[in-house]
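Note sheet for the following structure.
The values are calculated or read from the model by the stated rules, or taken from the named source; none is laboratory data. Everything numeric in this text was worked out from a predicted model, so none of it was measured. Neighbour counts are summed over all protein chains in view; Cβ atoms, including those assigned to glycine, are modelled from backbone coordinates with ideal geometry.
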Amino acid sequence: MSGAAVIVVGATVYWAPRPGEPVAPSEVSRVAAASPSTPARVQHAQRDPTQSQITATPAHTPAPSADTEASTIEQYASEKYQYLLDDLRYLDATQVEQLKRALLARERLAGLSSDPAAMAAVEAGIRGLLRPDDYATYEMLKESDLELFKLNEYAAGITNVAPLSAADRESILKTKLAYKDRFHQLLQDSGLQRTDLSAAEREYAYSVTARALEGYRQSYLQEVRQYLTNEEQFALLSNYETTEFKAELARLRSMVDVPVQGGS
Amino acid sequence: MISRILCGTALLAFAGMAQATISLSASAGNSQVSLSWSYSNETPVTQEVYRDTDSNPSGRVRIGSVSASTRSFTATGLSNGTTYYFWIKNTVNGTATNSNAASATPAGSGGGGGGAITGATCSSTGSVTVTATILVTSGTYDGGCRTYNPTSALGDGGQGEDQDPAFRVENNALLRNAILGNNGVDGVHFYNSGRLENFRWTNVGEDAFTIKSGGTVSITGVTGVNSEDKFAQVNAASTLNVSNCIVDNAGKFLRQNGGTTFKVTVNVDRCRISNMGEGIFRTDSSTSVARLTNSQLRNSGTTCIGPWASCTTSGNTSF
């Protein structure tokens with residue numbers, strides 16, 4: 001039992017956020033999901049095959065408090081849903097707090113424990129509080145982890161050259177998310193992610209998706225061009241995104257080149 | 001909290017339930033990592049792929065979702081020379097299982113074995129005049145393959161020690177896709193770790209880059225020519241990883257600051273090094289360590305100069 005104790009204490013440290021770590025993308029929610037009442041935390045402690053690494057963690061290493069975890073996830077959710085929370089004048093203070101709690105719960109659920117029923121309940125609560133257009137904003141923002149991460153990377157990289165205003169950031173993120181939604185729909189329709197396509201069908205699906213990705217990049221950047229008045233901001237955004245889109249295209253290509261393996 | 005987890009662990013252990021595991025392995029390629037995995041005692045349903053640059057899952061980024069029958073994934077667009085960690089997360093009826101963390105360090109293809117060493121691949125897309133050092137203190141600065149031309153305000157690109165750098169990279173920030181023009185001034189300075197990818201010095205000035213304070217500096221896909229003295233200068237205890245580089249015509253590839261005794265660890269892999277007036281690695285420290293692997297050498301002088309604690313080579317060829 002003492003061995004198990006070492007494993008579990010170690011696991012608690014291993015999955016916890018590091019002090020001073022910058023606001024992280026979606027996986028912050030996963031860490032926060034590991035609250036005492038979350039069964040998924042138990043699953044990790046049992047199932048993670050890195051347990052041998054975990055046991056190497058000194059048992060006396062202090063685990064971060066639940067308060068620290070809650071604070072981290074709260075900070076992340078606050079940033080992620082900032083553009084939703086900024087403009088909800090029709091809600092009173094109590095409703096705003098209710099919404100924040102629901103968003104926090106959503107982020108927790110989106111992490112380790114993806115419980116569809118619980119998520120549906122949380123989303124129903126959010127829907128009940130928001131007007132349809134704001135709920136649409138919520139729908140857009142809830143899948144924005146990677147885009148937010150990239151925006152932060154780009155914004156941090158240019159902060160000493162041409163810093164972005166809050167309005168610039170909002171315009172960039174919202175524009176990108178709007179075009180991303182369209183692209184993702186097309187990606188789904190293309191069938192590229194299916195496993196039963198022939199080589200020729202995969203190649204065709206790739207060509208369709210590649211065109212859509214380029215359309216996504218161009219449309220997004222053209223629209224953002226209207227919002228960014230600083231030439232260097234736009235030039236550096238274009239540079240950054242072009243590199244990232246190239247990487248995404250290469251990833252899509254790999255889905256065609258690498259045969260899908262079946263079975264377990 | 002711990003008591004509850006222990007309780008859960010104990011209950012399952014006593015019940016004799018087989019543990020579900022996902023065994024993930026990763027293999028590095030050129031700017032990409034190929035993942036493959038298998039399951040024990042669990043049926044894959046919703047599979048997601050995550051990536052990070054350290055082994056702590058906190059802060060990892062989801063890079064893909066794959067169908068239930070998929071057992072492989074290729075992560076692309078990665079930085080050669082950077083170690084990446086990956087996980088597969090499978091969710092079944094609301095219960096998530098994570099794989100082990102599998103790590104790999106992508107690297108440029110080829111090397112001494114005859115494959116291609118590309119160095120920087122940028123062709124200039126325009127020019128930028130640099131009147132003051134560009135600070136990259138966090139995040140990613142992507143130059144878009146523009147040519148950065150420092151003015152004389154930063155220096156003249158000669159051997160003067162008082163010149164300013166064109167770029168200063170700090171705190172593990174990433175500078176990528178840029179060309180430094182003919183006035184190379186004092187190149188790139190690194191403070192407290194940093195990363196450099198796809199960067200070309202058209203005419204190295206005082207030196208191509210300098211590590212000014214401790215940390216880990218990772219450099220990949222770079223080309224630098226015509227350093228009258230050294231290509232790399234290391235002024236602080238640090239680790240330097242260089243891969244896929246082309247360096248031609250310099251006094252030496254790397255110089256640890258003269259007379260210093262701190263430890264520097266240098267790993268140079270898959271580089272083409274030619275026409276070194278003196279040699280490749282030079283130090284005065286008996287604690288420093290250097291490795292040169294899978295590289296192509298021509299007229300490169302003495303590989304290890306000074307009292308290195310260890311200075312090893314393997315897989316290198318002449319060209």
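Yes or no, residue by residue, for (1) within 28 Å of residue A:148 (Cα to Cα); (2) aliphatic (A, V, I, L, M); (3) at pLDDT below 75:
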site	(1), (2), (3)
B:5	no, yes, yes
B:11	no, yes, yes
B:17	no, yes, yes
B:30	yes, no, yes
B:33	yes, yes, no
B:44	no, no, no
B:47	yes, no, no
B:52	yes, no, no
When the stretch A:91-105 is checked residue by residue, the ones that are part of a helix (DSSP H, G or I), within 17 Å of residue A:141 (Cβ to Cβ) and either touching a residue at least 12 places away in the same chain (Cβ under 8 Å) or in contact with a Leu (Cβ under 7 Å, 6 or more places away or on another chain) (or both) are A:96, A:99, A:100, A:102, A:103, A:104, A:105
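To keep it simple, each residue is scored yes or no on (1) modelled with pLDDT of 95 or more; (2) closer than 18 Å to residue A:169 by Cβ.
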| site | (1), (2) |
| --- | --- |
| A:204 | no, no |
| A:216 | yes, no |
| A:223 | yes, yes |
| A:230 | no, yes |
| A:242 | yes, no |
| A:246 | no, no |
| A:251 | no, no |
| A:261 | no, no |
Which numbered condition residue A:233 fails, given (1) part of a helix (DSSP H, G or I); (2) surrounded by fewer than 19 Cβ atoms within 10 Å (Cβ to Cβ); (3) polar (S, T, N, Q)
(2)
Quickly run through the stretch A:141-162 and pick out the residues that are in a loop (DSSP other than H, G, I, E, B) and either more than 9 Å from the chain's Cα centre (by Cα) or farther than 22 Å from residue A:106 by Cα (or both).
A:158, A:159, A:160, A:161, A:162
Given the conditions (1) within 11 Å of another protein chain (Cβ to nearest Cβ); (2) in contact (Cβ under 8 Å) with a residue 12 or more places away in the chain; (3) surrounded by 18 or more Cβ atoms within 10 Å (Cβ to Cβ), which single one is not true for residue A:238?
(3)
Need the failing condition index for residue A:186 against (1) closer than 16 Å to residue B:142 by Cβ; (2) away from every other protein chain (no Cβ under 11 Å); (3) free of Cβ contacts under 8 Å to residues at least 40 places away in the same chain, just the number.
(1)
Yes/no for residue B:154 being of a type in the set (A, V, I, L, M) and modelled with pLDDT of 95 or more
no
Only strands (runs of 3 or more DSSP E) wholly contained in the stretch B:209-291 count here; list those with 2 or more residues that are farther than 22 Å from residue B:175 by Cβ, at pLDDT 95 or above and in contact with a Gly (Cβ under 9 Å, 6 or more places away or on another chain).
B:238-256, B:264-282
So, in the stretch A:159-207, exactly how many residues are among the polar types (S, T, N, Q) and either assigned by TED's automatic domain parsing to the domain that holds residue A:136 or more than 29 Å from residue B:70 (Cβ to Cβ) (or both)?
5
Take the stretch B:41-71 and flag every residue that is of a type in the set (A, V, I, L, M, F, W, C) and either within 7 Å of chain A (Cβ to nearest Cβ) or touching a residue at least 60 places away in the same chain (Cβ under 8 Å) (or both).
B:61
Within the stretch B:185-208, tally of residues that are crowded, with 24+ Cβ neighbours inside 10 Å, on the phi > 0 side of the Ramachandran plot and in a loop (DSSP other than H, G, I, E, B):
2
Out of the stretch B:158-179, which residues are surrounded by 24 or more Cβ atoms within 10 Å (Cβ to Cβ) and within 13 Å of residue B:206 (Cα to Cα)?
B:165, B:166
Restricting to the stretch A:150-164, and then to whatever is more than 15 Å from residue A:176 (Cα to Cα) and free of Cβ contacts under 8 Å to residues at least 40 places away in the same chain, can you tell me which residue is farthest from the other protein chains (Cβ to nearest Cβ)?
A:163
Selection over the stretch A:89-106 where residues are surrounded by fewer than 16 Cβ atoms within 10 Å (Cβ to Cβ) and more than 23 Å from the chain's Cα centre (by Cα) yields a count of 6
